[in-house]
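Input: a single structure, listed below in structure tokens.
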Amino acid sequence: MRHRGLRRLVGLGVLAAGAYAVWRAIEMNRRPNDAGWQAQPFPFPPQPRSESRSGADSAWVEPREQACPASHPVKAKLQSGIFHEPGGASYGRTVPDRCYRDAAAAEADGLRRAKR
């Protein structure tokens with residue numbers, strides 16, 4: 001008998017939560033767009049291409065034919081924010097978005113080291 005009362009109480013709580021969620025969705029759609037959700041910019045905006053970026057002295061270069069040059073062996077994926085060093089578990093199968101000179105240069109750009 002105690003369980004029946006508990007089930008009713010939980011059922012009413014679920015019903016109330018559902019009604020509240022529907023009410024919030026309707027209220028959010030009534031408001032102008034400036035008060036609601038807005039798209040956030042990409043965390044690593046594309047950098048302008050210039051000749052100074054392609055030199056061996058720059059911190060990173062664009063990959064050539066989906067591979068990093070020997071001068072910049074660290075592979076970075078910008079969407080995930082992870083960089084892979086040579087010898088890592090995923091290094092061979094990673095298609096880079098940028099190639100960095102070393103791990104310190106990748107970390108300075110806000111990327112984190114791969115866990116494996």
message: Suppose each label sits 7 Å from its Cα in the direction of the beta carbon; what would the LEU15-SER58 distance come out to in nanometres?
response: 6.4
task: Counting other beta carbons within 10 Å of each Cβ, put ASP97, ASP102 in order, fewest first.
output: ASP102, ASP97
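None of the figures in this text is laboratory data; all of them are computed from the coordinates on show. Quantities reported herein were computed from a predicted structural model and do not represent experimental measurements. Heads up, the Cβs are rebuilt from the backbone with ideal geometry, glycines too, and the neighbour counts pull from every protein chain shown.
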